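These notes are about the structure you will find just below.
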Amino acid sequence: QVQVVESGGGLVQAGGSLRLSCAASGRTFSSIFMGWFRQAPGKEREFVASISRIGGTTYYADSVKGRFTIARDNVKNTVYLQMNSLNPEDTAVYYCAAEVRNNGRYWRGDYWGQGTQVTVSS
């Protein structure tokens, strides 16, 4: 069992930046593939980014590539999502997930946080 808790959401103007944090516990953090997803109002939850156990490999959705950066600190048991050049289309509840994997068609996670709201005003 892995517990994850997100923090760092809020309201930001278009063009601004936010950094989300996700603390994980319950298992050796460096053994867990981590990721971020988001869900906008009226839409399905979608993959945003993921990072391998040691942090050497990252994956991004095309919609955030070049603007968002995922990183992890295996000493602090925390994964981060740095979001730059935010636009209103990034408004969503952002979820941290543990034990993330891709089955060839889509990304999924086994353990989820409660989510943190990110609102980007125009």
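The values are calculated or read from the model by the stated rules, or taken from the named source; none is laboratory data. Quantities reported herein were computed from a predicted structural model and do not represent experimental measurements. Note: ideal-geometry Cβ built from the backbone for every residue, glycine included; neighbour counts use all protein chains shown. Surface areas here come from the heavy atoms of the whole protein model, side chains and all, with no ligands, DNA or RNA. Shrake-Rupley method; radii C 1.70, N 1.55, O 1.52, S 1.80 Å.
General observations
- Full-stretch length increase - residue 121, residue 39 - with 0.36 nm per residue and alpha-carbon distance subtracted: 27.8 nm
- Anisotropy class of region 1-62 from Cα gyration tensor, a/c 1.5 cut: prolate
- About its Cα centre, the chain has a charge dipole of approximately 240 debye under the convention of +1 per Lys or Arg Cβ and -1 per Asp or Glu Cβ, with nothing else charged.
- Straightening the chain between residue 1 and residue 19 buys 3.9 nm, computed as 0.36 nm per residue apart minus the Cα-Cα spacing.
- Charge sum, other residues only, whose C-beta stays under 12 Å from residue 49's C-beta, Lys/Arg counted +1 and Asp/Glu -1: +2
- Taking all Cα pairs closer than 8 Å and separated by 6 or more residues, the relative contact order of the chain comes to 35 percent.
- Global form of the chain, assessed from the alpha-carbon gyration tensor, a/c cut-off 1.5: prolate
- Taking only protein heavy atoms and a 1.4 Å probe, the accessible area of the chain is 46% carbon and sulfur.
- Taking every protein chain into account, the accessible area of the chain amounts to 51 square angstrom per residue (probe 1.4 Å).
- The residue 74 and residue 105 beta-carbon pair, evaluated with R₀ = 41 Å, returns a calculated FRET efficiency of approximately 0.90.
- Scanning the chain for trypsin sites (Lys or Arg not before Pro) lying in DSSP loops with no more than 14 further Cβ atoms inside 10 Å, the longest uninterrupted stretch between such sites is 1-42.
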